[in-house]
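Engineer: Have a look at this one before I ask anything.
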Amino acid sequence: MSDQLRRQIEILKLLPRPGLAKSTGDIHKELKERDHASSKRTIERDLENLLEVFPMSVHKESKQGTNGRTNYWHLTSLKGLLPETLLNDNDAALALTMLKQQAYNRLPRSVVKRLDSLWQQATTTAETDKRAQQWMQLIQYLPDPMRPESPPIDGDVQNTIEEALANSDALNLTIATLDGENRLEGLLPLRLLLQEEILYLLAEYPSAPNMDESIQLLPLHRITNAEARLSFGESSLEPDLAQSFALGMEDSLRLVIRVNRPLAEALFNRPIGRDQTLEKDSANPGLYMVTTFIDNSPQLKRWLARRNGGELEIIEPKWLV
């Protein structure tokens, strides 16, 4: 971070509310006490620059004194300016800096774009705090190696889909497939689903030739073109039911499995279901009994199928064997 940016952040921290204005000299003196050894003229240029960048937030007032005119400065509004938490609270800046990596694909594209400058400023603020920097070195975010990274999504496509969802519009989409391209017209969007870092559009396709194709689950990164149009009808599908159907999820089930120690260690660290219990199998030394409640989904069936015969034995329900 440049010395100028660091200095201007400090200046913004020093600017008071209306009625408590500070002169350029006062600000210069306080900055010197904070180890910013710059000339008064440099501080004056910084203040003028901040006034130009944040005209709705920074206010300048000139008054005639015995030794000439003096400029006084204060904040008028925080609109268009960084939130005070980012300017004055290193803990909040650290939190936002570390949460940024989780925001992509979880916020509307337009919101992420508008927040980009705040993410950058939060990072800049955190960089000025030694404790924040130390913590960022002590904890590192590592993506799950078993899950894919988020593929790039066309920004215009995502904006169009998000607006159609908000306005209950219909969609005409072009989707890239293994066989080339597919065109779907008159889709009624239901919701966006984030699964294993992939963002999907769940939609009803009223023109589908059969029931199985009437519920569409489309990865956004495969959509090459999206057009919204006024819709005169609403989807007849309940989104939760459509979601369960699209994901192949049936009712929740009680799963009981006998596992070896390496798999028990893995499940102890990362449970696969709700209310999971894990205990030694008294009748089989070295093996463990795992009981949990989990959705009956294709993901569960694939997970069970990938375990070799020595890793686990399905005790309940028997029809999963």
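Engineer: Tell me which residues, restricted to segment 203-253, are in contact (Cβ under 8 Å) with a residue 40 or more places away in the chain, of a type outside the set (S, T, N, Q) and surrounded by fewer than 15 Cβ atoms within 10 Å (Cβ to Cβ).
Structural biologist: Here is the first cut: in segment 203-253, the residues in contact (Cβ under 8 Å) with a residue 40 or more places away in the chain are 218-231, 233-235, 237, 239, 242-243, 246-253.
Narrowing the set further to residues that are of a type outside the set (S, T, N, Q) leaves 218-223, 226-230, 233-234, 237, 239, 242, 246-251, 253.
Passing the criteria: Glu227, Arg229, Leu230, Gly233, Glu234, Pro239, Gly248, Glu250, Asp251.
Engineer: Could you pull out the residue among Leu194, Leu188, Leu199, Leu173 that is open to solvent by 50 Å² or more (accessible area, probe 1.4 Å), among the aliphatic types (A, V, I, L, M) and farther than 30 Å from Glu10 by Cα?
Structural biologist: Details: Leu188 fails: open to solvent by 50 Å² or more (accessible area, probe 1.4 Å); Leu199 fails: open to solvent by 50 Å² or more (accessible area, probe 1.4 Å); Leu173 fails: open to solvent by 50 Å² or more (accessible area, probe 1.4 Å).
Selected residue: Leu194, the only one of Leu194, Leu188, Leu199, Leu173 that is open to solvent by 50 Å² or more (accessible area, probe 1.4 Å), among the aliphatic types (A, V, I, L, M) and farther than 30 Å from Glu10 by Cα.
Engineer: Given (1) exposed (fewer than 15 other Cβ atoms within 10 Å of the Cβ); (2) in a loop (DSSP other than H, G, I, E, B), where does Ile272 come up short, assuming only one miss?
Structural biologist: (1)
Engineer: Right, another one. Checking Ile139 against (1) under 23 Å from the mean Cα position of the chain (by Cα); (2) closer than 25 Å to Lys113 by Cβ, only one condition comes out false. Which one?
Structural biologist: (2) is the only condition that Ile139 fails.
Engineer: Now a separate question. Where residues in segment 74-106 are more than 11 Å from the chain's Cα centre (by Cα), of a type in the set (Ser, Thr, Tyr) and in a loop (DSSP other than H, G, I, E, B), which of them is modelled with the lowest pLDDT?
Structural biologist: So in segment 74-106, the residues more than 11 Å from the chain's Cα centre (by Cα) come out as 74-95, 97.
Then keep just the ones that are of a type in the set (Ser, Thr, Tyr); that gives 76-77, 85, 97.
With the extra rule that they be in a loop (DSSP other than H, G, I, E, B), the set shrinks to 76-77.
On the way: Thr76: 83, Ser77: 68.
That would be Ser77.
Engineer: Show the residue pairs meeting these rules: Cβ distance below 6 Å; 6+ apart or different chains; first residue within segment 263-284 and closer than 22 Å to Gly309 by Cβ; second residue assigned to a loop (DSSP other than H, G, I, E, B).
Structural biologist: Leu263/Glu311
Engineer: Kindly state which helices (runs of 4 or more DSSP H) lie completely within segment 1-73 and contain at least 3 residues that are surrounded by 15 or more Cβ atoms within 10 Å (Cβ to Cβ) and modelled with pLDDT of 90 or more. Steps first, answer last, please.
Structural biologist: Values: elements: 3-14, 24-33, 40-53.
By residue number, 24-33, 40-53.
Engineer: In this structure, does Leu142 turn out to be farther than 30 Å from His36 by Cβ, of a type outside the set (Lys, Arg) and surrounded by 11 or more Cβ atoms within 10 Å (Cβ to Cβ)? Full working, then the answer.
Structural biologist: Numbers: farther than 30 Å from His36 by Cβ: yes; of a type outside the set (Lys, Arg): yes; surrounded by 11 or more Cβ atoms within 10 Å (Cβ to Cβ): no.
Here the answer is no, as Leu142 does not meet what is asked.
Engineer: Kindly evaluate Tyr141 against the criterion of being of a type in the set (Ser, Thr, Tyr) and either on the phi > 0 side of the Ramachandran plot or in a strand (DSSP E or B) (or both).
Structural biologist: Details: of a type in the set (Ser, Thr, Tyr): yes; either on the phi > 0 side of the Ramachandran plot or in a strand (DSSP E or B) (or both): no.
When the stated conditions are applied, Tyr141 does not pass them.
Engineer: Considering only segment 113-123, how many residues are open to solvent by less than 70 Å² (accessible area, probe 1.4 Å) and either at pLDDT below 80 or among the aromatic types (Phe, Trp, Tyr) (or both)?
Structural biologist: First, the residues of segment 113-123 that are open to solvent by less than 70 Å² (accessible area, probe 1.4 Å): 115-119, 121-123.
In the following step, the residues that additionally are either at pLDDT below 80 or among the aromatic types (Phe, Trp, Tyr) (or both) were identified as 115-119, 121.
Going through segment 113-123 one residue at a time, the tally reaches 6.
Engineer: Continuing with the same structure: For residues in segment 306-321 being in contact with a strand residue (DSSP E or B) (Cβ under 6 Å, 6 or more places away or on another chain) and among the charged types (D, E, K, R), which is least open to solvent (accessible area, probe 1.4 Å)?
Structural biologist: Applying the filter and picking the extreme gives Glu311.
The values are calculated or read from the model by the stated rules, or taken from the named source; none is laboratory data. The structure displayed is predicted, hence computed values, not measured ones. Virtual Cβ from ideal backbone geometry, glycine too; neighbours counted across all protein chains shown. Just the protein is used for accessible areas: all its heavy atoms, side chains included, with ligands, DNA and RNA removed. Shrake-Rupley method; radii C 1.70, N 1.55, O 1.52, S 1.80 Å.
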